[in-house]
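Here the structure comes first, spelled out in structure tokens, and everything after it is commentary.
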Amino acid sequence: MSSRVGLKRKAKTGAAASADRGVSAPPARGLGGYRPGPDEDFMNPRQMEYFRAKLLEWREDLLRESRETLASLQSDSLREPDVTDRASSETDWSIELRTRDRQRKLLAKIDAALRRIDEGEYGYCEVTGEPISLARLEARPIATMTLEAQERHERNEKVSRDE
């Protein structure tokens, strides 16, 4: 892979797998080391602010990477004289652009999660209305379903795909 473009990939499986595979939220840096705990009221103002900060940091990281890719695309044209090198570079760019497209979709999910925070609906399953575990929200702050509801959804999706 070209040193011009760095791809960040982390494999996800099971209920965490979705259209935005390969992109995970960065650890929250703000709020002085605070981490939500089970001994607190669920989705209290401090937890809401924690997840808002985490989502905003993640969003800014994705936008920064996107700007870097755009700048790199504009400054580095495919100048390799060798056909094989050029093909390799084109493959690298194709992978990078697909990654950026997945991240574009992820930005929409982050924005939706921020709206749910504003509306007071963040952290609750869109299917059952039950609280989504803090551990799941920590790992996947854009989660909209409990793990059980997500697994059920994926099983149903697999059944319909297999038919």
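Before we move on, is I117 more than 16 Å from the chain's Cα centre (by Cα), assigned to a helix (DSSP H, G or I), modelled with pLDDT under 95 and under 30 Å from Q150 (Cα atoms)? Considered against the rule, which asks whether it is more than 16 Å from the chain's Cα centre (by Cα), assigned to a helix (DSSP H, G or I), modelled with pLDDT under 95 and under 30 Å from Q150 (Cα atoms), I117 comes out as no.
Checked across region 148-158, the condition of being surrounded by fewer than 19 Cβ atoms within 10 Å (Cβ to Cβ), outside any helix (DSSP H, G or I) and out of contact with any Asp or Glu (no Cβ under 6 Å at 6 or more places or on another chain) holds for no residue. Name the residues in region 15-44 that are exposed (fewer than 11 other Cβ atoms within 10 Å of the Cβ) and modelled with pLDDT of 95 or more, would you? Across region 15-44, the qualifying residue is only D41.
In this structure, E68 qualifies as among the acidic types (D, E), assigned to a helix (DSSP H, G or I) and either without any contact (Cβ under 8 Å) to a residue 60 or more places away in the chain or under 16 Å from D118 (Cα atoms) (or both).
The set of residues in region 65-122 that are under 22 Å from Q47 (Cβ atoms) and in contact with a helix residue (DSSP H, G or I) (Cβ under 6 Å, 6 or more places away or on another chain) comprises I110, A113, L114, I117, Y122. When region 72-106 is limited to residues that are of a type in the set (A, V, I, L, M, F, W, C) and crowded, with 16+ Cβ neighbours inside 10 Å, the one that is farthest from F51 (Cα to Cα) turns out to be W93. The residue list T144, T128 contains one member that is in a loop (DSSP other than H, G, I, E, B), exposed (fewer than 15 other Cβ atoms within 10 Å of the Cβ) and β-branched (V, I, T), which is T128. All of A71, A53 fail the test of being at pLDDT below 90 and either more than 12 Å from the chain's Cα centre (by Cα) or not aliphatic (A, V, I, L, M) (or both), apart from A71.
Taking the conditions exactly as written (surrounded by fewer than 15 Cβ atoms within 10 Å (Cβ to Cβ) and either of a type in the set (G, A, S) or over 20 Å from D111 (Cα atoms) (or both)), does R64 satisfy them or not? When the stated conditions are applied, R64 does not pass them.
Of the residues making up region 131-142, not a single one is farther than 30 Å from M43 by Cβ and of a type in the set (K, R).
The values are calculated or read from the model by the stated rules, or taken from the named source; none is laboratory data. Since the model is a prediction, treat every value here as computed from it, not as a measurement. Note: ideal-geometry Cβ built from the backbone for every residue, glycine included; neighbour counts use all protein chains shown.
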